[in-house]
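The values are calculated or read from the model by the stated rules, or taken from the named source; none is laboratory data. All values reported here derive from a predicted model rather than from experimental measurement. In this analysis, Cβ positions are derived from the backbone assuming ideal geometry, glycine residues included, and neighbour counts consider all displayed protein chains.
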Amino acid sequence: MVTVRLKKTQKEAVLKWIAAGLQSDEINALAAELDPAFVVSRRQVSYYRDTRNIEIGALIKAGEQKALTEGLALKAERVVKLKQLAALMEKDLLGGFLWLDQVKGVGSGDVAQIVDYEEFNKGEVDAYRGVLDDIAKEMSQRVQRQEVSGPDGGPIVVVNWDDGGDTD
């Protein structure tokens, strides 16, 4: 079998796919979609997997570290995105979509009529409220509290088993 020498971009793609845990048939399926398409042998995949194992491990670790320390992993970034979404929804709602124009047919046959009516945009209002709630949660301004009490809101009964099960 003739081994084809890969171009730099092709080799980088193969290494990325190997790092993702793909097998040679999966790699070849993805490689066939590229321009220019290419094919790798199982031997090439094994070679890259064996010789680049340390590099791939370091790349994966660096990628995981980056995923944990950048972008949406940061609270501030999530809040910025949520605020942008809230602003878009608010502009949409207050700009004329709080009430939606609807049309429906009433009746049948010769007495059928088409009726225009307005409907409150409950779905988008609920979604907007959900985004505002998410912002409050991200900012730790919406704390979920749980209170523990005994039966009917009374005190909690404590059993001391060292004393033979007497309640305190």
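From the list 157, 80, 106, the one residue that fits, being touching a Pro at 6+ places or on another chain (Cβ under 9 Å) and more than 30 Å from residue 21 (Cβ to Cβ), is 157. Screening the candidates 88, 30, 22 for the property of being assigned by TED's automatic domain parsing to the domain that holds residue 134 and of a type in the set (A, V, I, L, M, F, W, C) yields one hit, 88.
If a residue must be in contact (Cβ under 8 Å) with a residue 12 or more places away in the chain and of a type outside the set (Gly, Ala, Ser), how many such residues does the range 101-139 contain?
In the first step, residues of the range 101-139 are kept if they are in contact (Cβ under 8 Å) with a residue 12 or more places away in the chain; the result is 101-104, 115-121, 124-125, 127-128, 131-132, 134-135, 138-139.
Retained after the next criterion (residues that are of a type outside the set (Gly, Ala, Ser)): 101-104, 115-121, 124-125, 128, 131-132, 134-135, 138-139.
Matching residues across the range 101-139 total 20.
Confirm whether residue 63 is modelled with pLDDT of 80 or more, small (Gly, Ala, Ser) and loosely packed, with under 13 Cβ neighbours inside 10 Å. It is false that residue 63 is modelled with pLDDT of 80 or more, small (Gly, Ala, Ser) and loosely packed, with under 13 Cβ neighbours inside 10 Å.
What are the residues in the range 66-98 that are small (Gly, Ala, Ser) and in contact with a helix residue (DSSP H, G or I) (Cβ under 8 Å, 6 or more places away or on another chain), if any? Can you show your working first?
As a first pass, look at the range 66-98 and keep what is small (Gly, Ala, Ser): 67, 71, 73, 76, 86-87, 95-96.
Result: 67, 71, 73, 86.
Tell me, yes or no, whether the range 33-54 has at least one residue that is modelled with pLDDT of 85 or more, within 29 Å of the chain's Cα centre (by Cα) and not basic (Lys, Arg). There is at least one residue in the range 33-54 that is modelled with pLDDT of 85 or more, within 29 Å of the chain's Cα centre (by Cα) and not basic (Lys, Arg). Within the range 45-56, residues that are over 13 Å from residue 21 (Cβ atoms) and of a type in the set (D, E, K, R) reach partners that are modelled with pLDDT of 80 or more and in a helix (DSSP H, G or I) with beta carbons closer than 7 Å, at six or more positions or on different chains, in the pairs 52/15.
Residues that are small (Gly, Ala, Ser) and either out of contact with any helix residue (DSSP H, G or I) (no Cβ under 9 Å at 6 or more places or on another chain) or in a strand (DSSP E or B) (or both) within the range 99-139 comprise 105, 107, 108, 109, 112, 123, 130, 136, listed in sequence order.
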